[in-house]
Every structure is written in structure tokens, then in C-alpha cells.
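Accompanying notes for the structure given below.
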Amino acid sequence: MSIALTSTARPNSTQQEPLRVMVVDDSVVIRGLISRWIAAEPDMVVAASLRTGLDAVNQIERINPDVAVLDIEMPELDGISALPLLLAKKRNLIIIMASTLTRRNAEISFKALSLGASDYIPKPESTREATAAETFHHDLIQKIRSLGAKVRRSATAPASPPLAPSLDRSPRLPPAPVAQPQLLRRAFSHQAPRALLIGSSTGGPQALMALVAEIGAVIDRFPVLITQHMPPTFTTILAEHLARASHRPAHEAIDGEIVKPGTIYLAPGGRHMRVVRHGAETAIALDDGPPVNFCKPAVDPLFTSAIDVWQGGVLAVVLTGMGSDGMRGGKEIVAAGGSVIAQDEASSVVWGMPGAAANAGICAAILPLNQIASKLVRVFSGDRS
């Protein structure tokens, strides 16, 4: 999860109608708080503030929201039960699941992603914490704005298959959209890659699940390290899903452990993950330092640390996500002789992180999600054309 304390550019209200946001939460305090935040934004409006999922399902056609912020635990009809009913009535509705940081709620949030939710956001544990939760405030507003803009753009474009695969079985990739040829590409490094690094944020869990299911040949021979913007508990469960999708070991990285081929290492929520030399081997180094790019864990610390260990033998992939995390680290990887691949805009939930890398001119390839795995297998097998 990206914890962004700066807002994305706000559209001019004269160019389009404000985003209509439906807030669904059984807590009157949380409903009021979120509604006030939305009402304070010039490009958003509170379309409705409702207490239960049943209210939302019964009224969605009249309310016609662009985005719904949907609580998980509610009376009459909970969020996970309301989710498919809401999407059945409005297929392109952006749904952001909101839940407190418990393992049960994290599991439910992952299930919601497989059922069509666009994203999730952890809520503060109590209403007292919520009133002071600046990160919750800014992260929620950024998610609403970025995801809402995406659905409005797609409303005028040809229909495309849904991106989100099931998180309970090996995902199937959609047919390939056309990659963007107009952006500057660099040649792939002539150095053989010795490690695969992946950074992702919004939409990342779905993209990661699809990707690791198809790169077993890479995982078996090279270490794979992933930073996904996510809080604690959520990363624990993501690692379990990655293990199931890839049929390979995957776990939250442990400080000091030796990095080996055949394993997926995931940055744990709330800690930056780096790699360091440990004699002739490579070890994980976790730290509790301040956020980088307003994120913790952040992608840039992993990317830049890998240069000291593998020099130019690094291949980095930047997947869907808000912000620009990974772009600076990607620049350093390329300067050291490595290569960067970015996910293309059409297949990204939000083209922030990969777009920043692509527009910086550091990418050797900008590809749809379902073409990245096959490219990685070829590159790690020696084809660097």
C-alpha cells in the first residue's frame, strides 16, 4: 500500500464533473470523517453516506457513484457479501475495501480483490486514532482520485478483460493489449542478470499473482525479491498467496537471512528491505527507517542496494502503482549496467510507478502484464534482444 502524503494533480472542475463517492460504513464517526474529507476536495462529491451494505445495494442505481468506499464488517449485509451485488448492478464501479489490520480482515480484503474490488485501505484501529490519521486521510483521497480517473478514462475506451485473477488458484492472464511504442526504450544490458527485483503498489497483488505463476523457470535459478506497498499482516498473507500461485517457497524476508535461488522474498509491511554482501553471499537487511517516497516498505531502497551486491546483473520490474517509487532506483540500476521493465498503461490499475519509469526513459521494455513473464524467462535464459 502506498502511503502518500502528497496529492496527485487535481483536475479542473470546469473540465469534468466531480467524482461521485459513496461511503458505506456502520460507524457514524468514520462515515462522517471520510465524508468531510471527500467534501473538502474540489474534484469529489459525497454521493451518499450509508450504514450497511444492504443500503448500498438497494440504492446504488439511484446514487450512481463512481467510487465506493466499502467497510468489511457491517450489520445486515457485510462488505464482502455486498461487493459482487454492487458490481452486478454497476460493472465499472471502483470499490475500495476498508478494514482494520487484523489477519481475518486482511484475508477478506484479498478475497475482495479476487472478486473485483479495485483496492483496499487499512483503517485505524479506533475512531480516536482515525481522527488523527493523516496517512489514512491522504492515502484514501489519493486512491479515490487515481482509481476514479482510471474508470472515467476507460468509460470512453473499448472494453477490456478484467485484470484481477482469483487469488485462490493460479490466475489466467487476459489477452494482450497493445504496448505503447512511442516511449523511449533502452537496449537490454549485455550483462547476464543475476537477480530479479519487482516493485508494485496499487493493483500489485493481482499483478504479482499473475506474474509469479508464469516465471517458475526464473525463480528456480535466481533469487526473486519483491517490494509491494503494504502494511503488516497484509504482507504475511500476500507471501502465502505468492507461494500458492508460484508453487515455490515465498515468505516475508527475515533480517540477516541468506538470499538463495528458488525462493521469493517479500518486504514485510512497515520495514524497508535491502540486500547486502555477507562474505561471499548475499543477505537480507531490514530497517525501520523513515518512509521513502512516502512509503514503507519502499521500492527504491531495494533497487539501489542491489547494485552494491550484483552491480549490473540486476533486472528490475516496475508494476502497477501510484506515485513514482522505483523510478530513482531504476535509474541507478540502469546507470550501473542493469535493465528495467515497466508494465504498460493499458494493463495497469494505476500507471503511476511504471509510468514514471517509462517516461524517464530508463526502460528496456514497456509491456502488458501478460507479456512480462515470457520476456523475463527469455532474458534470464540469455535472450537480451
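Coordinate-derived values only; no laboratory data. Since the model is a prediction, treat every value here as computed from it, not as a measurement. A quick note on method: Cβ atoms are made from the backbone with ideal geometry, for glycine too, and the neighbour counts reach across all protein chains shown.
What FRET efficiency would be calculated for the residue pair Ala280, Arg103, taking the C-beta separation as r and a Förster radius of 35 Å, to the nearest 0.05? That pair, Ala280 with Arg103, gives E of 0.35. The C-alpha atoms of the chain define a longest principal axis, and helix 369-380 lies at about 10 degrees to it. Taking 0.36 nm per residue of sequence separation and removing the Cα-Cα distance, the Ala187/Glu134 pair yields an extension gain of 14.9 nm. Summing +1 for each Lys or Arg and -1 for each Asp or Glu, what net charge is found among the other residues whose Cβ lies under 10 Å from the Cβ of Pro223? Taking every other residue near Pro223 into account, the sum is +3. Taking amide H positions as modeled 1.01 Å from N, with prolines and chain starts lacking one, the residues under 5 Å from Tyr120 and 5 or more places away or on another chain are Met97.
Plainly put, the chain has a radius of gyration that is 0.97 times its Kirkwood radius, both from alpha-carbon atoms, as the Rg/Rh ratio.
Using 0.36 nm per residue of separation minus the Cα-Cα distance, give me the extension gain between Arg62 and Ala335 in nm, one decimal.
Values: separation 273, 0.36 × 273 = 98.28 nm, distance 5.42 nm.
Taking 0.36 nm per residue and subtracting the Cα distance, the gain is 92.9 nm.
Under the simplified labelling scheme, the Leu85-Ile258 pair shows an inter-label distance of 5.5 nm, with each label point 7 Å from Cα along Cα→Cβ.
Note down the net charge around Leu183, summing +1 for each Lys or Arg and -1 for each Asp or Glu among other residues with Cβ under 11 Å from its Cβ.
Values: positive: Arg185, Arg186; negative: Asp344, Glu345.
Residues near Leu183 contribute 0 overall.
Could you tell me the calculated FRET efficiency between Ser374 and Asp308, based on Cβ-Cβ distance and R0 = 30 angstrom, to the nearest 0.05?
E(calc), rounded to 0.05, equals 0.50.
Against the longest alpha carbon principal axis of the chain, how many degrees, from 0 to 90 and to the nearest 10, is the axis of helix 79-89 turned? That works out to roughly 80 degrees. Here's how it looks for Ala68: its modeled amide H is under 5 Å from those of Met22, Ile94, Ile95, Ile96, which are all 5 or more places away or on a different chain.
What net charge do the residues around Arg51 carry, taking every other residue with its C-beta under 9 Å from that of Arg51, with Lys and Arg at +1 and Asp and Glu at -1? Within the 9 Å Cβ shell, the charges total -3.
Compute the Cα gyration tensor for the range 199-340, then decide on rounded, prolate or oblate, letting a ≥ b ≥ c be the square roots of its eigenvalues: rounded whenever a/c is under 1.5, prolate when a/b is larger than b/c in the other cases, and oblate in all that remain.
Numbers: a/c = 1.23, a/b = 1.07, b/c = 1.15.
Here the range 199-340 falls in the rounded category.
Pairs over the 27 Å Cα-Cα cut-off, from the set Lys260/Lys296; Lys150/Lys260; Lys111/Lys143; Lys111/Lys375: Lys150/Lys260; Lys111/Lys375.
Taking θ as phi - 60° and the Karplus parameters 6.51, -1.76 and 1.60, the scalar couplings of the range 310-316 work out to 10, 6, x, x, 10, 10, 10 Hz in sequence order, x denoting glycine and proline.
For the chain, the longest principal axis of the C-alpha atoms and the axis of helix 53-63 are separated by about 80°.
Only bridges with both residues in the chain count here: give the DSSP antiparallel percent, nearest 5. In the chain, DSSP labels about 15 percent of beta bridges as antiparallel.
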